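The values are calculated or read from the model by the stated rules, or taken from the named source; none is laboratory data. In this text, all values refer to a predicted model and were calculated from it rather than measured experimentally. Don't worry about glycine lacking a Cβ; one is built from the backbone with ideal geometry, like all the others, and counts go over all protein chains shown. Remember, those area values only see protein heavy atoms, side chains included, never the ligands or the DNA or RNA. Shrake-Rupley method; radii C 1.70, N 1.55, O 1.52, S 1.80 Å.
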Amino acid sequence: MKILPRHKLLLLASFAFSVAGIQAQTDADLLRYSMTNPIGTSRYNAMGGAFGSLGANFSALSTNPAGIGFFTRHELSFTMGPAYSNATSNYYGQESYLDNTQFTVPQMGGVFEVYRGSQGKGIRRLQFGVGANRLKDFNSSWYSQAVNPQSSYMNYVEAVSQGYDFSTEYGQGIAHPGNLAYQTGLMDFADTVGLDYITFLGSGLDQRHVLRESGNITETTISFGGNWADMLYFGATLGIPFVDYRQESIIEERNPGLPGEPVRLPEQPVDVTYFNSYELTQDLQVRGNGLNLKLGLIFRPLHLFRVGIAFHTPTYYWLKETSTVSLNTDMQYIYNGSQLPNHAKYRYENYRYNIVTPAKGILSVAFLIKNFGAVSVEGELTDYRTMRIETDDIDLKSSLRETVRENYRMAGVLRAGTEWKVGIVSLRAGYIYQSSPYKNPELDRQWYDHTATVGLGLALGLCNLDFAFMANYGGRTDDFYYLEDQQGQPLVIPAKVNFAKYVFTAGASFRF
């Protein structure tokens, strides 16, 4: 057996460890912080986030900051609401379901007028804004479960362990799944000379993979801008995103015999009295912050037409990672008259690294129908081939650069929204389409991401109340390990995951 080459498939949600005893970063880490899905004010959400040319919305300061020039008064705004998500996976023909609910505060902030000029040409207004916008919500859960007739996850661990010596004091300090498997007896030396390993586990086990993610990226925005002669609007936002990401990943394999009965496997070594199951768990927490700059312009040649353009510099993240990896077995392995432990654990703290996300470009247009309606469309382009990690590990840096260039491409987001006013009521709707970032056809085939939005607003003098509902549907693959035989045939079929997320937000804005 051998590991599937990196140029064919990527590590999307797996245990990846380095020789130094800390978790090595993968392309999944780069994509996690590079691809965002903003949630903001309820008006912004209800119109699909298509505010690149409309302006006068606090959340738009994180997309096109030139929109700050459309504010005509001081304004404070706040948004909150619940979010519900569920996921269904199909693994070797067996379906599994998992759901999750959380509460979110996606936006709060204020815009203040600092200068007002006279009518006519020249600078008409200058505004300053400060607050926070939610760039990404990580909350999601799914699990895959079925009997794998082709391989065991321990076959993968065996393949990635070749060349290590987990029997030495140094080897026992390596945060590697092979080290934990060796200490508990799930894997042993294939011979006494080389550093090759073998496991008695194989096909026919009941596998379960659970992945729970939580946290968010929330960006502190410091914005400044204005407008020239009510025709050219300009703005800049200094973004300071804060990352709080948590992940729990569980890989479990069970002997499909009767529950509670110790069942011997056909290839079980004499030293193993019985094997029922094992569970490999990783608890991961990543925290840190970043820095970026956003620049924007909106041109309004006619009252009923606007066109906007914005540029986002790459975001430079300083991240700190803490992880605990543990392995628990329900088996008995007698070695030299003593039973090997049924538990092994490794923890590392405050591992630091830096990630640089791609730059973004946004082009938008908006049409206004007198004072009753608006239609807005915007497109965003991101070249995911430019994602990179900054680290002293030259080999890791070079390997990730090659993986990203071979497997990723430029991708885009299309946002469209509309709003129609009837008295004090505004009716809104929108749509968001995210294209696949993968050049790899096997990953691209399962990817899809669509969001439909609706909402309404109430204009109550100096106070506006807004409500929005967002329904996001997408598809991914759950590739928690890759393995192929000597003929290049895969020994595990990735699970197909379809997910849905429903977000309801309510917000209020106050003008003075």
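Within the option set Gln162, Gln172, being within 30 Å of Asn336 (Cβ to Cβ), part of a helix (DSSP H, G or I), of a type in the set (S, T, N, Q) and modelled with pLDDT under 90 holds for one residue only, Gln172. Working only within the range 103-134, note down all residues that are within 30 Å of Asp478 (Cβ to Cβ) and surrounded by fewer than 14 Cβ atoms within 10 Å (Cβ to Cβ). The one that is within 30 Å of Asp478 (Cβ to Cβ) and surrounded by fewer than 14 Cβ atoms within 10 Å (Cβ to Cβ): Phe103.
Pairing residues of the range 150-166 that are touching a residue at least 40 places away in the same chain (Cβ under 8 Å) and over 15 Å from Tyr482 (Cβ atoms) with residues that are open to solvent by less than 50 Å² (accessible area, probe 1.4 Å) and not in a helix (DSSP H, G or I), at Cβ distances under 8 Å and at least 6 apart in sequence or on separate chains, gives Tyr164/Ile174; Tyr164/His176. What do you reckon, is Leu414 under 23 Å from Gly81 (Cα atoms), touching a residue at least 24 places away in the same chain (Cβ under 8 Å) and open to solvent by 50 Å² or more (accessible area, probe 1.4 Å)? Spelling it out, it is not the case that Leu414 is under 23 Å from Gly81 (Cα atoms), touching a residue at least 24 places away in the same chain (Cβ under 8 Å) and open to solvent by 50 Å² or more (accessible area, probe 1.4 Å). Counting only strands (runs of 3 or more DSSP E) that sit wholly inside the range 429-512, those with at least 2 residues that are of a type in the set (Phe, Trp, Tyr) and at pLDDT 95 or above are 463-478, 495-511. Taking first residues from the range 28-40 that are part of a strand (DSSP E or B) and partners that are among the polar types (S, T, N, Q), the Cβ contacts under 8 Å between residues at least 6 apart in sequence or on separate chains come to Ile39/Asn45; Ile39/Thr104; Ile39/Gln107; Ile39/Thr505.
Test Glu213 against the criterion of being open to solvent by 10 Å² or more (accessible area, probe 1.4 Å), at negative phi and in a strand (DSSP E or B), and give yes or no.
Spelling it out, Glu213 is indeed open to solvent by 10 Å² or more (accessible area, probe 1.4 Å), at negative phi and in a strand (DSSP E or B).
Here the range 456-485 is the region considered, the condition is being of a type in the set (Phe, Trp, Tyr) and open to solvent by 50 Å² or more (accessible area, probe 1.4 Å), and the residue that is farthest from Tyr44 (Cα to Cα) is Tyr473. Screening His343 on (1) open to solvent by 20 Å² or more (accessible area, probe 1.4 Å); (2) under 30 Å from Ile198 (Cα atoms); (3) over 36 Å from the mean Cα position of the chain (by Cα) shows it passes everything except condition (3).
Taking the range 417-439 on its own, how many of its residues are open to solvent by 40 Å² or more (accessible area, probe 1.4 Å) and of a type in the set (D, E, K, R)?
The qualifying residues number 2.
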